[in-house]
1. Regarding Gly499, is this residue open to solvent by 60 Å² or more (accessible area, probe 1.4 Å) and either in contact with a His (Cβ under 6 Å, 6 or more places away or on another chain) or not in a helix (DSSP H, G or I) (or both)?
2. Scan region 638-645 and give yes if some residue there is assigned to a loop (DSSP other than H, G, I, E, B), open to solvent by 10 Å² or more (accessible area, probe 1.4 Å) and more than 27 Å from Thr386 (Cβ to Cβ), otherwise no.
3. Give Pro632, Pro618 a once-over and let me know the one that is open to solvent by 30 Å² or more (accessible area, probe 1.4 Å) and free of Cβ contacts under 8 Å to residues at least 12 places away in the same chain.
4. Please go through region 608-621 and give me each residue that is hydrophobic (A, V, I, L, M, F, W, C) and at pLDDT below 90, ordered by number.
5. Just for region 142-178: of the residues that are part of a loop (DSSP other than H, G, I, E, B) and more than 37 Å from the chain's Cα centre (by Cα), which one is surrounded by the fewest Cβ atoms within 10 Å (Cβ to Cβ)?
6. Collect the residues in region 157-181 that are touching a strand residue (DSSP E or B) at 6+ places or on another chain (Cβ under 6 Å) and of a type in the set (Val, Ile, Thr), keeping them in residue-number order.
7. Across region 654-668, what is the total count of residues that are touching a Lys or Arg at 6+ places or on another chain (Cβ under 9 Å) and surrounded by 16 or more Cβ atoms within 10 Å (Cβ to Cβ)?
8. Just a yes or no: is a residue in region 460-479 open to solvent by less than 40 Å² (accessible area, probe 1.4 Å), under 23 Å from Leu276 (Cβ atoms), hydrophobic (A, V, I, L, M, F, W, C) and touching a strand residue (DSSP E or B) at 6+ places or on another chain (Cβ under 6 Å)?
Amino acid sequence: MRRHALWLVALALFAAAFGRDRFDTWIAQTELPPLAVETSVEMLDRNGVLLRAYTVADGRWRLAASLDGIDPQYLRMLVAYEDKRFFRHGGVDTMAMLRAVAQAAWNGKVVSGGSTLTMQAARLLEDGTTGQIAGKLRQIRVALALERRLSKDEILALYVNRAPFGGNLEGVRAASFAWFGKEPRRLTAAQAALLVALPQSPETRRPDRHTGNAQAARSRVLERMAESGVISDETRLAAETEPVPAARRPFPALAAHLTDRLRAETPGQQVHTLTLDAGLQARMEVLAERAAREAGQRQSIALMIADHRNGEILAAVGSAGYEAGARKGFVDMTQAIRSPGSTLKPLVYGLAFDQGLAHPETLIEDRPAAFGTYRPQNFDGAFRGTVRVREALTMSLNIPVVKLLDALGPARLMAHLRRAGTDARLPGGQAGLAVALGGVGVSLEGLVRLYAGIANGGRSVLLTARPGVAQPDVPQAVLSPESAWMVSDILSGIAPPKGAARNGLAYKTGTSYGHRDAWAVGFDGAHVAGVWMGRPDGTPVPGAFGGGVAAPILFEAFALLKPDLDRLPPPPPATLIVSHAGLPAPLKRFRPRGAAFAEAPDAPALAFPPDGARLNAPGNLLPVKVRDGVPPFTWLADGRPMVTKSHDRDTLIELSGPGFVTLSVIDAEGRSARSTIRLD
């Protein structure tokens, strides 16, 4: 064993014979190995908390760490145990070498090593050996060169990022996550001591395989630290009682589907900071896993929460579990195109309000109706007769909404779906009236974006998981502010699911044909959330419907998001808030398309301004004139009543400002005329 100390003697003789100047030149000409190393791609939440990490190309966990992100106590213990003169020597500790030589000569074997932290960093950089003299000389040369080119903190950072900690763990940050499930910013004395001990023999001291060895090595570090005054005896005794981890912990893998997608979008980016909230994301994933488990085998769930004021996604759950199997958890159901059932009805009603076809207090018929060969039925097969539009939406009746869409035209609905930013897709051909009842494909993210637009005063919202992504300067108009408020007011009056608090959440449920998809989407004054439940393969789930399975999860998600809902905004000033009796005559009862738009010799016509005109309106006051028709007249701008019960054919209306505006005039018999103009 005496031969193992010969490298120390050889080094001393070599340095003496080489000469100081030539030695300096030899060190200066050292070609260092690459200092940079591939580290794990990281996904961080809005507060810098690790959501997800990926192994590097060779399958190792190597998470980049800076010294200010590591517990100072660990760093003190590391230096005190491995290289107590680290901050004083130039890369090689002569005193430690002489001590090692003397001990080896006296005992006939190596008792202590002379390696410094800098030399260990050099060995890690080159993945070299320590048992051969040539290898040790190379290590010394690299260590001395490192000391000349890097600061002590930079050398220490090299070590803590490269040191092995058992298995495929490299670096103290990866080790801290694997053995303790946390960042290394704050470690107990026992945890710090274990991390000091592991790199000396990472495989024989692995806590999950050799718990006894790990505990003994930790005890030696603690004892040495107490002797040197780094920790107190009381701290050492308390640390000895702390159990050594018997198993590795999984690395964080929150928002797995979303992070995979974002990583693929920017493959060269190492650290991604997202808008998600790690705590909320974790709570949503637990909720989703439980809901899917209770729903039964093969069923999955998707859930998304966003801030509709700025479009930031706070949580996104793509499935009940990120794995293959009966639930097909690897499929991201926030992106899957599915039938939305009745969840598009609020947009149809909002467009009808905008076009002056209806008001929440307008009466509409829920009776058997035929639209060519299309004969829609209500979900329960019953008919309610004459109902208010508010009630028709609250009860999610099918026939009234199809009547409204027939008057609006399906193409208008599709255009506004796209304005909202949804990824609406038709199964084939042109849009028909069945679109109102789910005859179109959308994703959960697209549906959440639609409801975000309604919640945002009718202005489209760009959903994003990356902070700093600005909303468009001119958002698309999904609905007018007045119509968006009226829709929100109706949705907030829908009764909550059984057992949920009546908290005023504005929400709507939906069930696709054949019970293949169950939906619930809702919002308050700040946040919007959506839930989808079903089977990823599209097979039916008998008896499942949005109000029964998805709505309770939606309400629970909001409860986990915050203790109290944010109030919905007050109505815009121009909102017509009256009872049915106070409505203008044309809005008291909905008239089918033929009645509302039939051409007749005496039908009203806009004499001014003509359709397509481009005008200046001083003070935003625009003169308008109607010919023919039966007074009194109601004038609307973008669906908002501006003048009601007017017997004059000439009047002034006040508009909100420059831009495109649709003017409508309705006479006493419900006949209308309209024109679209542009104000400069």
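The values are calculated or read from the model by the stated rules, or taken from the named source; none is laboratory data. This structure is a prediction, so every number in the text was calculated from the model and none was measured. FYI the Cβ positions are ideal-geometry reconstructions off the backbone, even for glycines, and counts take in every protein chain you see. Remember, those area values only see protein heavy atoms, side chains included, never the ligands or the DNA or RNA. Shrake-Rupley method; radii C 1.70, N 1.55, O 1.52, S 1.80 Å.
1. yes
2. The answer is yes; a qualifying residue exists.
3. Within the list Pro632, Pro618, the selection yields Pro618.
4. Ala613, Leu615, Ala617, Leu621
5. Ser151
6. Selection gives nothing.
7. 5
8. Within region 460-479 (the criterion being open to solvent by less than 40 Å² (accessible area, probe 1.4 Å), under 23 Å from Leu276 (Cβ atoms), hydrophobic (A, V, I, L, M, F, W, C) and touching a strand residue (DSSP E or B) at 6+ places or on another chain (Cβ under 6 Å)), the answer is yes, since at least one residue qualifies.
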